[in-house]
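K.L.:
I have a structure here, written as structure tokens, and I will follow up with some questions on it.
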Amino acid sequence: MAFLSWLESTGYVKWMLASLVAYPFMLTVHALGLALTVGVLLVLDLRLLGLYPTIPLTSLDRLLRIAWVGIGLNALTGVSIFMTEATQYVTNVPFILKMVFVVLGAVSLAAMQRVLRRNASTVEAGQVPPHGRGLAIGSALFWVLAVVTGRLIAYL
Amino acid sequence: MDLIPGSAPHWHLVLNHLPSVGTLVALCLLAAARSVGSRDVTRASLLLFVVFALVAIPTFVTGAAAGWAIRSTAGISERAIAVHQDAALLALVALLVTGWLAWFTLWRDRRRLPLDGWGPPAVLGSGTLALVLLLRTARLGGDINHPEIRAGVPADGAGPGLSAAIVDWVGNRAWAFPAMETVHFLGMALLFGPVLLTAVRVLGGARTVPYAAFHRLLPLGVFGFVLNVVTGLGFFLVDSGRYSALTYGFFPKMALIVVGGVAALYFTIFERLWELGAGDDAPIAAKAVAVVTVLIWSGVIAYGRLLPYLESD
């Protein structure tokens, strides 16, 4: 708890809250990162589940990388937003759940990319590699739940 | 002389001509195209339906803002404003449905499914209904501030109108607003994913994939857009006074949505993009449009997020 209070008192947080643009900027980039990550992943998850078959499976690994850009942006902005009210967020149940889902989502993404690379010949033949479908369902579910719990932070 | 409107009521007076007259023109054009069998004129009229459906959104929003601006003026009946707004809401929905049908027909047209399918007749039917509702809206709008045409009897019966019923429904359920917000965020993601992936392809990423594969994603993006128009209307109706006052946040967002929607039409029907095969490089103009489209929709998201922070002076 002391560490969290210290985070709240750092110069960085003071600057963010005093500046007219910094905090809204963090929130805006966080929303953009969300649109990027969840948007791209929902499409590519649907591809692994068999929709949009004209998108070749061989292009998936490269396209999935785009999602990491969003995750990176949201990690940076997320930490910044967290720091402004660290002691409150840490006891907020939707926030804790959101963190769980974000981690699960990121792990699913990494796993999907690994599965695609390890089964390159299957992918080139146009077949979804083993565990591909399960990972896609998990990924879609985790990121949607991350968005839902994220919204609920303000309400609960 | 202020040719460019500087207030919501002025904008509304200018904009409301577009969905009404525009839909009439588009209907006549579509009917004529069908009777002479011209595919190009059919496509042109369908394009018009999409554009006017999009323009109807800021028309409705400026209308609500205009209502707030003039409701306390002498001689203005708040009842007349409410009745006009309810009629406008119905007309807006009918026009949005028509616009969607028109867009979907244009999208399907790419798949070599003939324009002689159910698309154009559906647009004709839906468009006619939309036109009737628009004419009714316009007539009720006249009652607000044109005493020379008032029949003397207040239009429509007593009782809470459509807008009031929606506001009540949302207000009486604590879960409704957070649910709408969540759907709005998910709709945003569903819209942005296809936009971004298509832009990536046009800009040269994933070049081994033919453009046609990304074209198939567009309905998913439009689905996200529809979710957000519905939830967005819900938010707006519940608190139109507050949104109308957010001059620097809300109205730019609405304007960008119209432009962004037109950009989606570009990716749907532009010939040079459709012909982009595996390994092909897109023309520079298309790349510029792709960049601008991503910026526009990012701007919509940014303005949306910044609404609480952009109070008008």
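K.L.:
Filter the stretch A:39-61 down to the residues that are farther than 15 Å from B:R201 by Cβ, of a type in the set (A, V, I, L, M, F, W, C) and at the interface with another protein chain (Cβ under 10 Å from one of its Cβ atoms) and list them by number. Break it down into steps so the answer makes sense when it comes.
P.N.:
Let us first name the residues in the stretch A:39-61 that are farther than 15 Å from B:R201 by Cβ, namely A:41-42, A:45-46, A:48-51, A:53, A:57, A:61.
Those left that are additionally of a type in the set (A, V, I, L, M, F, W, C): A:41-42, A:46, A:48-49, A:51, A:57.
Those that are farther than 15 Å from B:R201 by Cβ, of a type in the set (A, V, I, L, M, F, W, C) and at the interface with another protein chain (Cβ under 10 Å from one of its Cβ atoms): A:L41, A:L42, A:L46, A:L51.
K.L.:
Which of (1) of a type outside the set (V, I, T); (2) assigned to a helix (DSSP H, G or I); (3) surrounded by fewer than 20 Cβ atoms within 10 Å (Cβ to Cβ) does A:A154 not meet, given it meets every other one?
P.N.:
Result: A:A154 passes all but (2).
K.L.:
Going through the stretch B:216-226 one residue at a time, which ones are outside any helix (DSSP H, G or I) and touching a Gly at 6+ places or on another chain (Cβ under 9 Å)?
P.N.:
First pass over the stretch B:216-226, keeping only residues outside any helix (DSSP H, G or I): B:216-217.
B:L217, the sole residue that qualifies.
Here's the yes/no breakdown for (1) assigned to a helix (DSSP H, G or I); (2) in contact with a Leu (Cβ under 9 Å, 6 or more places away or on another chain); (3) at negative phi; (4) not charged (D, E, K, R):
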site: B:R34; (1), (2), (3), (4): yes, yes, yes, no
site: B:F49; (1), (2), (3), (4): yes, yes, yes, yes
site: B:F52; (1), (2), (3), (4): yes, yes, yes, yes
site: B:I81; (1), (2), (3), (4): yes, no, yes, yes
site: B:L95; (1), (2), (3), (4): yes, yes, yes, yes
site: B:T105; (1), (2), (3), (4): yes, yes, yes, yes
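K.L.:
Residues being under 23 Å from the mean Cα position of the chain (by Cα) and facing chain A (nearest Cβ under 7 Å): count how many of those fall in the stretch B:205-219.
P.N.:
Going through the stretch B:205-219 one residue at a time, the tally reaches 2.
One line per residue, one yes/no per condition, for (1) surrounded by fewer than 18 Cβ atoms within 10 Å (Cβ to Cβ); (2) free of Cβ contacts under 8 Å to residues at least 24 places away in the same chain:
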site: B:L3; (1), (2): yes, yes
site: B:S7; (1), (2): yes, no
site: B:L15; (1), (2): no, no
site: B:L18; (1), (2): yes, no
site: B:V25; (1), (2): yes, yes
site: B:A32; (1), (2): yes, yes
site: B:S35; (1), (2): yes, yes
site: B:S38; (1), (2): yes, yes
site: B:A44; (1), (2): yes, yes
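K.L.:
Next up: Can you confirm whether B:I166 is surrounded by 20 or more Cβ atoms within 10 Å (Cβ to Cβ), modelled with pLDDT under 95 and farther than 29 Å from A:Y52 by Cα? Walk me through it before giving the result.
P.N.:
Working: surrounded by 20 or more Cβ atoms within 10 Å (Cβ to Cβ): no; modelled with pLDDT under 95: yes; farther than 29 Å from A:Y52 by Cα: yes.
Taking the combined requirement at face value, the residue does not satisfy it.
K.L.:
Okay, next question. Would you please name the residue that is farthest from B:A64 (Cα to Cα), looking only at residues in the stretch B:239-253 that are more than 17 Å from the chain's Cα centre (by Cα) and surrounded by fewer than 20 Cβ atoms within 10 Å (Cβ to Cβ)?
P.N.:
So, considering only residues that are more than 17 Å from the chain's Cα centre (by Cα) and surrounded by fewer than 20 Cβ atoms within 10 Å (Cβ to Cβ), the one farthest from B:A64 (Cα to Cα) is B:Y248.
K.L.:
Going by what's in this entry, would A:L135 be described as more than 14 Å from every other protein chain (Cβ to nearest Cβ) and in a helix (DSSP H, G or I)?
P.N.:
It is true that A:L135 is more than 14 Å from every other protein chain (Cβ to nearest Cβ) and in a helix (DSSP H, G or I).
K.L.:
Could you tell me whether any residue of the stretch A:17-34 is closer than 25 Å to A:V115 by Cβ, in a helix (DSSP H, G or I) and either at the interface with another protein chain (Cβ under 10 Å from one of its Cβ atoms) or not acidic (D, E) (or both)? Quick ask: steps written out before the conclusion?
P.N.:
Our first condition is that a residue be closer than 25 Å to A:V115 by Cβ; within the stretch A:17-34, this holds for A:33-34.
Retained after the next criterion (residues that are in a helix (DSSP H, G or I)): A:33-34.
When the remaining residues are screened for being either at the interface with another protein chain (Cβ under 10 Å from one of its Cβ atoms) or not acidic (D, E) (or both), the result is A:33-34.
Looking for residues that are closer than 25 Å to A:V115 by Cβ, in a helix (DSSP H, G or I) and either at the interface with another protein chain (Cβ under 10 Å from one of its Cβ atoms) or not acidic (D, E) (or both), one finds at least one in the stretch A:17-34, hence yes.
K.L.:
Give me the residue from the stretch A:64-115 that is closer than 26 Å to A:G132 by Cβ and either of a type in the set (V, I, T) or not in a helix (DSSP H, G or I) (or both) and, out of that set, farthest from the chain's Cα centre (by Cα).
P.N.:
Result: A:V115.
K.L.:
Right, something else. Identify, please: which residue in the stretch B:286-304 is free of Cβ contacts under 8 Å to residues at least 12 places away in the same chain and surrounded by fewer than 20 Cβ atoms within 10 Å (Cβ to Cβ) and is, among those, farthest from B:F251 (Cα to Cα)?
P.N.:
Looking at residues that are free of Cβ contacts under 8 Å to residues at least 12 places away in the same chain and surrounded by fewer than 20 Cβ atoms within 10 Å (Cβ to Cβ), I get B:A288.
K.L.:
Can you pull out every residue in the stretch A:48-63 that is assigned to a helix (DSSP H, G or I), without any contact (Cβ under 8 Å) to a residue 40 or more places away in the chain and in contact with a Leu (Cβ under 9 Å, 6 or more places away or on another chain)? Before you say what the answer is, go through the steps one by one.
P.N.:
Of all residues in the stretch A:48-63, those assigned to a helix (DSSP H, G or I) come to A:48, A:57-63.
Now restrict to residues that are without any contact (Cβ under 8 Å) to a residue 40 or more places away in the chain: A:59, A:62-63.
If the condition is that a residue be assigned to a helix (DSSP H, G or I), without any contact (Cβ under 8 Å) to a residue 40 or more places away in the chain and in contact with a Leu (Cβ under 9 Å, 6 or more places away or on another chain), then A:L63 is the only one that fits.
K.L.:
Collect the residues in the stretch B:259-302 that are in a helix (DSSP H, G or I), within 14 Å of another protein chain (Cβ to nearest Cβ) and modelled with pLDDT under 95, keeping them in residue-number order. Before you say what the answer is, go through the steps one by one.
P.N.:
First, the residues of the stretch B:259-302 that are in a helix (DSSP H, G or I): B:259-269, B:271-274, B:284-302.
After this cut, where a residue has to be within 14 Å of another protein chain (Cβ to nearest Cβ) as well, the list is B:260, B:274, B:293-302.
Of everything in the stretch B:259-302, just one residue is in a helix (DSSP H, G or I), within 14 Å of another protein chain (Cβ to nearest Cβ) and modelled with pLDDT under 95, namely B:W274.
K.L.:
Turning to a different aspect of this structure: Restricting to the stretch B:172-190, name every residue that is in contact with a helix residue (DSSP H, G or I) (Cβ under 8 Å, 6 or more places away or on another chain) and either of a type in the set (D, E) or more than 7 Å from chain A (Cβ to nearest Cβ) (or both).
P.N.:
Pass one, the stretch B:172-190, residues in contact with a helix residue (DSSP H, G or I) (Cβ under 8 Å, 6 or more places away or on another chain): B:176-178, B:180-190.
Of everything in the stretch B:172-190, those that are in contact with a helix residue (DSSP H, G or I) (Cβ under 8 Å, 6 or more places away or on another chain) and either of a type in the set (D, E) or more than 7 Å from chain A (Cβ to nearest Cβ) (or both) turn out to be B:A176, B:F177, B:M180, B:E181, B:V183, B:H184, B:G187.
K.L.:
Does the stretch A:62-85 contain at least one residue that is more than 15 Å from B:F185 (Cβ to Cβ), within 8 Å of chain B (Cβ to nearest Cβ) and either touching a strand residue (DSSP E or B) at 6+ places or on another chain (Cβ under 9 Å) or buried (at least 16 other Cβ atoms within 10 Å of the Cβ) (or both)?
P.N.:
Among the residues of the stretch A:62-85, at least one is more than 15 Å from B:F185 (Cβ to Cβ), within 8 Å of chain B (Cβ to nearest Cβ) and either touching a strand residue (DSSP E or B) at 6+ places or on another chain (Cβ under 9 Å) or buried (at least 16 other Cβ atoms within 10 Å of the Cβ) (or both), which makes the answer yes.
K.L.:
Can you name the residue in the stretch B:179-206 that is touching a Ser or Thr at 6+ places or on another chain (Cβ under 9 Å) and within 16 Å of A:T54 (Cβ to Cβ) and is also surrounded by the most Cβ atoms within 10 Å (Cβ to Cβ) among such residues?
P.N.:
Within the stretch B:179-206, the match that is surrounded by the most Cβ atoms within 10 Å (Cβ to Cβ) is B:T198.
The values are calculated or read from the model by the stated rules, or taken from the named source; none is laboratory data. What you see is a predicted model; the values in this text were computed from it and never measured. Cβ sites come from the backbone with ideal geometry, for glycine too, and all protein chains shown count toward neighbours.
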